[in-house]
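Nothing in this text is a laboratory measurement; each read-out follows from the coordinates by a stated rule. Given the structure is predicted, the values throughout are model-derived calculations rather than measurements. We place every Cβ from the backbone using ideal geometry, glycine too, and count neighbours over all the protein chains shown.
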Amino acid sequence: MKKLLAALTVAMFALQGCGSSNESSVNTQSQKKDPQAITTDEASDNQSDERSVDVSAEVAAEVSEYIEQFKHRRDQLVLVFDGSQYPIEFVANNDKQMSIGFELGIAVIGFDFDQQEPIASLVLALDATTNEPPSFLISNQIEITEDDQENLVYSGTVVEQNSGAMYLVKLTFNEALLYGGTSKVKIEQDKAILKGSLGANTYIQMQQLITHHPEVTTLVLKDVEGSVDDYINMHTGRLIRAAQLTTQIPSHGEAYSGGVDLFTAGVRRIVEPRGIVGVHSWCCHNGKAANELSKDDPAHAAQVAYFREMLGDELGPQFYFFTINAANADEIHEMSEAQLTKYKLTTE
C-alpha cells in the first residue's frame, strides 16, 4: 500500500498547486511519470511553414501505452451505493479530505496527505429535489483496504442523518482519479471550449475532438487552471499542433501554467482583451524549483524541446526561461501585452 499512498500524495500536491486568479498555480514535474522522459530527440529538426510536429514512432508507442494504462486504471474508479454502481471523478480537496463527484452527488473521503495515511471516514451529500436540502449520509463503519489491482477501497455503511436509514457503500479509487485532471470540453460550432485542470483525460478529449469534430478549428482556453501531469500535457500540445488548431484565450478567460503550454501549441494564437496568460516556475526536481536550477540542468530539457517545437529554435528556449524566472512556483505572473508580443505568443 505504501507505493500507492506515495503516488496519491504526489498527485494530490500537484492538484493543490493548480491555481487560478485567486490561487497560485504549480505546473509540477513531481508527477507519476517524470517529464524528462520526453527527450530533446522528440523535437522536430526542421519546422515546416505549417509548424508540423514530428513525433517518432517510438515516442508515439510510449504515449499510446501510457494512455492505455491510464484508461485501465480509470475504469476501476467506481462508487457502489445501495446496490448501484457509479463512475467517479475528482472535484476538490483540502489537507485532510477529498471530494469526489458521482451521478447522485458528492462523496467526501478522509485522507491525510501530509502523513500519507487514509482516514476511515466517508460522507455522501446526495442531490435533493428543487425544494429540499441535500441528504447527508455519514459513515457508520468504514474499512480501508487495498485490492489486488492496487486500488484503495473504502467500504462499509453510511447512515442517513434524518431518517436513520443505513446503506452499504464501497468506493474504489487510485492515482488515475488525480492524474486525469478535471478538464471538460464543450463544442460550440467551430470552437471547442476547454475548462479545468489538464491531465490524461485532456489528452483523450483532444484525440476525440480531432477525430470526431473536424469542423472545430479553434480551441478556446476559457478557464484552465494548470496541469497535473506535465508528461502527457506536452503530448496534448503536440496533438493540437498536428491538428493545426487555433488557440484562443477569450476576454476574461484564464490560462495558467500548463494551460499556457497548450496555448502555445496553436498555429494561430489569440488573446482577447482582458484575457489572462499566467506563467511561473515549476517545482520540483531533486527538491529544487526550476528557477533554482542551473540553465544547463538536464531537468529543463523536456520543456525546452517542447517550446522549440511550438515557438521556434530561438524564441522557444527564451520563452521557457522567461516563464520559470517570471514568478516562483507558488506564485503567478500575468503576462503583459508587451511580453505577449515579445515572445510572439499572439499571432494577430
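Some points to look at:
- Computed over the Cα atoms of segment 129-190, pair by distinct pair, the Kirkwood hydrodynamic radius stands at 14.9 angstrom.
- Residue exposure sequence - Glu348, Glu143 - by fewest surrounding Cβ within 10 Å: Glu348, Glu143
- Exposure proxy ranking for Val228, Val158, Val185, Val279, based on other Cβ atoms within 10 angstrom of each Cβ and starting from the fewest, stands as Val185, Val158, Val279, Val228.
- Cβ-derived FRET efficiency at R0 56 Å, Val80 paired with Lys342, nearest 0.05: 0.55
- Gain on full extension, evaluated as 0.36 nm per residue between Glu143 and Gln161 minus their Cα-Cα distance, stands at 4.5 nm.
- Exposure proxy ranking, count of Cβ atoms within 10 Å, fewest first, for Arg74, Arg268, Arg241: Arg268, Arg74, Arg241
- Rg/Rh for segment 77-173, where both radii come from Cα atoms and Rh is the Kirkwood radius: 0.96
- Given their separation in residues at 0.36 nm each and the Cα-Cα distance between them, Ala60 and Ala125 gain 19.2 nm when the chain is fully extended.
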